[in-house]
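Enquirer: One structure is given below, represented as structure tokens, and several questions about it will come after.
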Amino acid sequence: MRETLMYFAYGSNLHPVRLGERVPSSELVDVGRLPGHRLRFHKRGRDGSGKCDAVRTGVADDVVWGAVFRLAAHERPQLDAAEGLGHEYHLHDTVVEGRTRRHTVFTYLAHPATLDDALRPYDWYHRLVLAGARLHEFPASYVEVIEAVDSHPDPDRDRAEQHRLLLERLRG
């Protein structure tokens, strides 16, 4: 039997199509919530814009919603590379509360040196996160918080076009 891992996605990897392009073996297992954390778009991405981070607050009412995926262990290095493991994000093993059970998962949390509260996401990144949140039918109040995040156009036309095409594939 092939070894598998459980991954909790809460940002641009929420949508199975997006994650599947990065990690072909990924399979949606459940929707889950990570209590004691708050979603922020304050991690400096390689492109200079704001990316998602699940900030630990320790406040029981704070929650980050996400998707639990199973993936082949041998493909995790591909995801690690996409997430900038070691210099942008670090691994975090945790437990999330799924619809009917708890899941032991790994996820990525931003390195403190990459955080900047003045950052805003590019509009395409913001739409990727929203597409995943809507697909998984996260609570309306949570989706509204994501919708309220200020975003701005990507000045790199090629990158913006590449992600516009990705967003079209998500709509299928």
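The values are calculated or read from the model by the stated rules, or taken from the named source; none is laboratory data. Please read all numbers here as calculations on a predicted model, not as lab measurements. All Cβ positions, even for glycine, are placed from backbone atoms using ideal geometry, and neighbour counts span all protein chains on display.
Enquirer: Among 124, 65, which is the only one that is over 18 Å from residue 163 (Cβ atoms) and either touching a strand residue (DSSP E or B) at 6+ places or on another chain (Cβ under 6 Å) or not small (Gly, Ala, Ser) (or both)?
Expert: Going through 124, 65 in turn, just one is over 18 Å from residue 163 (Cβ atoms) and either touching a strand residue (DSSP E or B) at 6+ places or on another chain (Cβ under 6 Å) or not small (Gly, Ala, Ser) (or both): 65.
Enquirer: Quick check on the range 1-32: of everything there that is of a type in the set (A, V, I, L, M, F, W, C) and not in a strand (DSSP E or B), which residue is surrounded by the fewest Cβ atoms within 10 Å (Cβ to Cβ)?
Expert: Here the residue is 1.
Enquirer: On to the next question. State the number of residues belonging to the range 102-116 that are over 14 Å from the mean Cα position of the chain (by Cα) and touching a residue at least 24 places away in the same chain (Cβ under 8 Å).
Expert: Selection size over the range 102-116: 6.
Enquirer: Can I ask one more? If residue 80 meets every condition in (1) on the phi > 0 side of the Ramachandran plot; (2) surrounded by fewer than 16 Cβ atoms within 10 Å (Cβ to Cβ) apart from one, which number is that one?
Expert: (1)
Enquirer: Also, quick follow-up: From 101, 120, 76, grab the single residue that is modelled with pLDDT of 95 or more, in contact with a His (Cβ under 6 Å, 6 or more places away or on another chain) and farther than 15 Å from residue 10 by Cα.
Expert: Result: 120 is the single residue among 101, 120, 76 that is modelled with pLDDT of 95 or more, in contact with a His (Cβ under 6 Å, 6 or more places away or on another chain) and farther than 15 Å from residue 10 by Cα.
Enquirer: If we scan the range 42-62, do we find a residue that is over 20 Å from residue 149 (Cβ atoms), in contact with a strand residue (DSSP E or B) (Cβ under 7 Å, 6 or more places away or on another chain) and surrounded by fewer than 21 Cβ atoms within 10 Å (Cβ to Cβ)?
Expert: Yes.
Enquirer: In the range 109-145, what residues are farther than 18 Å from residue 21 by Cα and aromatic (Phe, Trp, Tyr)?
Expert: Within the range 109-145, 122, 138, 142 qualify.
Enquirer: Between residues in the range 15-30 that are more than 18 Å from residue 126 (Cα to Cα) and residues that are β-branched (Val, Ile, Thr) and at pLDDT below 95, which pairs lie under 9 Å by C-beta distance while being six or more apart or on different chains?
Expert: Taking only residues 6 or more apart or on different chains, the pairs are 30/100.
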